[in-house]
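The next block holds one structure in the form of structure tokens; read it before the comments.
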Amino acid sequence: MATLSQFDVLALRREFPILQQEVHGKPLAFLDSAASSQKPRQVIDCLEDYYRRFNANVHRGVYKLSEEATFAYERARGKVARFLGAASPREIVFTRNATEAINLVAYSWGGANLGPGDRILLTIMEHHSNIVPWQMLAQRSGAQLDYLSIDSQGRLALEELDTKLSERTKLVAVAHQSNVLGTINPIAELAQRAHAVGALLLVDAAQSVPHLPVDVQALGCDFLAFSGHKACGRPGSVGCGHAAHCSKRCRLFSAAAR
Ligand SMILES: Cc1ncc(COP(=O)(O)O)c(C=O)c1O
């Protein structure tokens, strides 16, 4: 692994065309990557190549361009699956971003499986993309929300699991890495605790996928959402890396979502 002294910042900057400009007379320093990252020239070149050479409807045409576009689309699904350690490319569902992926789970699996008396366990460190879909599902289904709190260091109060996690809990939805605190939550442990009471675990990996190695099988999660546009990919729905992961436990959702 490269040490800090071997890390060539200038060479890395050269990979990002947008950074080759000055703002207010100074080289551009972009500090909002957690919201959306800049794109390296490899991504920009790939997109341009796609539009110049084989832009066509995916999975809907029986002519050469459409078959090539479909092949590229499915190859991207395979790459995302390997990137996340998923057991199969069939577990990857492309969406527009993490918010849409979480909403997809709330409207499909959530709508079919939650009812009055059921509980959804969140944490108080969630981004609103991992709160609002569950508030709306609770309104539609009659389920109730619980929240794990945090200690003075910004770590999850795991001791609260003893009282807030019960057999009525159908879903635990938690950020892998907090966008506010930077806290990295113990997902494998949360998965084990959730599964022990029969609940599923959804991971909001919008901040962890761009910053950490993420292996969905090692984490043991049932759903995982991230945004390709925060990890050097493009925004939008075609050929991007926005994905919801769904493990074997929820293959029905995967099938329903395709
Ligand atoms: C932790 C977390 N979850 C979800 C999101 C929403 O991501 P998107 O707007 O790409 O759906 C963000 C965006 O900043 C985030 O930081």
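The values are calculated or read from the model by the stated rules, or taken from the named source; none is laboratory data. It should be emphasised that the depicted structure is a prediction, and the values quoted were computed from it without experimental measurement. For neighbour counting, all protein chains shown are included, and Cβ atoms are generated from backbone atoms with ideal geometry for every residue, glycine included. Keep in mind that these areas ignore ligands, DNA and RNA; they rest on the heavy atoms of the full protein, side chains included. Shrake-Rupley method; radii C 1.70, N 1.55, O 1.52, S 1.80 Å.
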Practice prompt. Give segment 85-96 a look and list any residue that's open to solvent by less than 50 Å² (accessible area, probe 1.4 Å) and within 16 Å of the ligand (Cβ to nearest atom), or say none.
Written response: V93, F94, T95
Worksheet entry | Unique match (being open to solvent by 20 Å² or more (accessible area, probe 1.4 Å) and touching a strand residue (DSSP E or B) at 6+ places or on another chain (Cβ under 7 Å)) among I102, I131 | I131
Worksheet item: L212: more than 12 Å from the ligand (Cβ to nearest atom), farther than 17 Å from Y147 by Cα and open to solvent by 10 Å² or more (accessible area, probe 1.4 Å), yes or no?
Response: yes
Discussion item. If the requirement is being surrounded by fewer than 17 Cβ atoms within 10 Å (Cβ to Cβ) and closer than 23 Å to K230 by Cβ, which of these qualifies: G78, G111, G115?
Written reply: G78
Discussion item. I'd like to verify a number: residues in segment 54-77 that are part of a helix (DSSP H, G or I) and without any contact (Cβ under 8 Å) to a residue 12 or more places away in the chain, how many?
Written reply: 6
Fill in: Residue count for segment 27-45, restricted to those that are closer than 23 Å to Q207 by Cβ and either in contact (Cβ under 8 Å) with a residue 12 or more places away in the chain or of a type in the set (D, E) (or both)
12
Practice prompt. Report yes if L200 is modelled with pLDDT of 95 or more, away from the ligand (no atom under 16 Å from the Cβ) and touching a strand residue (DSSP E or B) at 6+ places or on another chain (Cβ under 7 Å), otherwise no.
Written response: yes
Worksheet item: Before we move on, is S66 of a type outside the set (K, R), within 19 Å of V209 (Cβ to Cβ) and open to solvent by less than 80 Å² (accessible area, probe 1.4 Å)?
Response: no
Worksheet, complete the sentence: Exactly one of E189, E159, E167 is open to solvent by 50 Å² or more (accessible area, probe 1.4 Å) and over 24 Å from G110 (Cβ atoms), and that one is E159
Worksheet item: Take the residues of segment 97-124 that are more than 16 Å from the ligand (Cβ to nearest atom) and of a type in the set (D, E, K, R): which is nearest to H176 (Cα to Cα)?
Response: R119
Worksheet, complete the sentence: Of the residues in segment 12-26, those that are of a type outside the set (D, E, K, R), open to solvent by less than 90 Å² (accessible area, probe 1.4 Å) and modelled with pLDDT of 95 or more come to F16, P17, I18, L19, Q21, V23, G25
Worksheet item: Among the candidates D32, D8, D45, which residue alone is open to solvent by 70 Å² or more (accessible area, probe 1.4 Å), within 16 Å of the ligand (Cβ to nearest atom) and of a type outside the set (F, W, Y)?
Response: D32
Worksheet item: How do the pairs read when you match residues in segment 122-141 that are within 18 Å of A35 (Cβ to Cβ) with residues anywhere that are of a type in the set (S, T, N, Q) and near the ligand (Cβ under 9 Å from one of its atoms), using Cβ under 7 Å and keeping only pairs 6 or more apart or on different chains?
Response: M125/S178; H127/N179; S129/T99
Worksheet item: Which pairs have Cβ atoms under 7 Å, sit 6 or more apart or on different chains, and link a residue in segment 181-208 that is within 21 Å of L145 (Cα to Cα) to one that is within 16 Å of the ligand (Cβ to nearest atom) and open to solvent by 50 Å² or more (accessible area, probe 1.4 Å)?
Response: D204/H127
Discussion item. Among the residues of segment 127-146, are any in contact with an Asp or Glu (Cβ under 6 Å, 6 or more places away or on another chain) and within 16 Å of the ligand (Cβ to nearest atom)?
Written reply: yes
